[in-house]
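Since every read-out is calculated from the coordinates, none of them should be taken as a lab result. Please read all numbers here as calculations on a predicted model, not as lab measurements. Here the Cβ positions follow ideal geometry from the backbone for every residue, glycine too, while neighbour counts run over all protein chains shown.
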């Protein structure tokens, strides 16, 4: 894939058209779905090209890679472009990285334990901000995958209620890999149903966001209610080293 602004702009236009079509198929407002550029192991030139082409939201799996990209982009992009960016933590986060995440992320999509939430609460308080987070759910119950067990979510939501610098705004999941996008539909539907059930419980009213869907299955995710889709390869091209 080419890294030119025109090529990236064309791929973004195609992605947005596909998101819009998927939303309209189920009677949703396309504006309710946002694209996150999943930039893990993507060359900085591709990331910069996407930003110049209008991408505002970037996701990183590792905080250290996020902060490195932030420094590099400050050297090659105009200040107004930098100021408009929103960085999302979309990978497993260890508690010892909470300080960097609380200072660098617009949102963290992968809170899966009260221990991590408490660390983020402390660091957000030190940073003098309210950090919005999503709760990652391991719906496929894969032992190697991060995420809270679905049955543990009510307790996790309840545990977040005393926090004043952390605000849970939704749920996130990643289905098991499958070449058929339709295989992910039951997982996405279950996440939507879980969020609806939690919104009816004390402390769960703000859980309106659904972060689900990637390059191979984002249209199915949109049809099932995704508000954030995390697109990497379909936007930037293959990752370095893949």
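At a glance:
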quantity: Cα radius of gyration and Dmax for segment 120-208 (Å); calculated: 14.3, 45
quantity: Segment 13-55, Cα convex hull volume normalised per residue, Å³; calculated: 69 Å³
quantity: Order of 134, 55, 153 - criterion: other Cβ atoms within 10 Å of each residue's Cβ, fewest first; calculated: 153, 55, 134
quantity: Dimensions (Å) - the chain, Cα atoms, principal axes, largest first; calculated: 48, 42, 33
quantity: Using distinct alpha-carbon pairs, which all enter the 1/r mean, Kirkwood radius of segment 100-162 in Å; calculated: 12.2 Å
quantity: Ranking of 57, 112 by count of other Cβ atoms within 10 Å, fewest first; calculated: 57, 112
quantity: Ranked list, fewest to most other Cβ atoms within 10 Å of each Cβ, for 109, 92; calculated: 92, 109
quantity: Highest to lowest packing among 96-105, 9-18, 135-144, scored as the average C-beta count within 10 Å; calculated: 96-105, 135-144, 9-18
quantity: For segment 5-236, share of DSSP beta bridges that run antiparallel, in % to the nearest 5; calculated: 0 percent
quantity: Protection proxy ranking, peptides 23-33, 59-69, 156-166, 192-202, average beta carbon neighbours within 10 Å, highest first; calculated: 59-69, 156-166, 192-202, 23-33
